[in-house]
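This report concerns only the one structure given below.
The values are calculated or read from the model by the stated rules, or taken from the named source; none is laboratory data. Note that the structure is a prediction, hence the values are computed from the model and not measured. Glycine gets a Cβ as well: all are built from the backbone with ideal geometry, and neighbour counts include every protein chain shown.
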Amino acid sequence: MGKRDNRVAYMNPIAMARSRGPIQSSGPTIQDYLNRPRPTWEEVKEQLEKKKKGSKALAEFEEKMNENWKKELEKHREKLLSGSESSSKKRQVIPFLLYCYPC
């Protein structure tokens, strides 16, 4: 009387994978990663020195640009302050903002 049972038998996926055997890996193995060429300690030191030299040049450039910007701000501040001295009764200069408000 078992003709009406049309269920499929359960197949364990892990057991099925083991029965097929080991798979062929398409990529490099762990051993390949461990045996890959690496730089020597001297080469690493040279690379670090090159990075430091590059960052020094960038730091010097940024410092020079900051100095130029400070000079430009000083000129602008002097211009605003000299203009406000003559008309100090009319307008008040706010030091960090570029806006002037009537008194």
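Couple of notes before you dig in:
- Being at pLDDT 90 or above and exposed (fewer than 10 other Cβ atoms within 10 Å of the Cβ) holds for only one residue in Trp41, Trp69, and it is Trp41.
- Test for Glu60: is it exposed (fewer than 10 other Cβ atoms within 10 Å of the Cβ), within 30 Å of the chain's Cα centre (by Cα) and part of a helix (DSSP H, G or I): no
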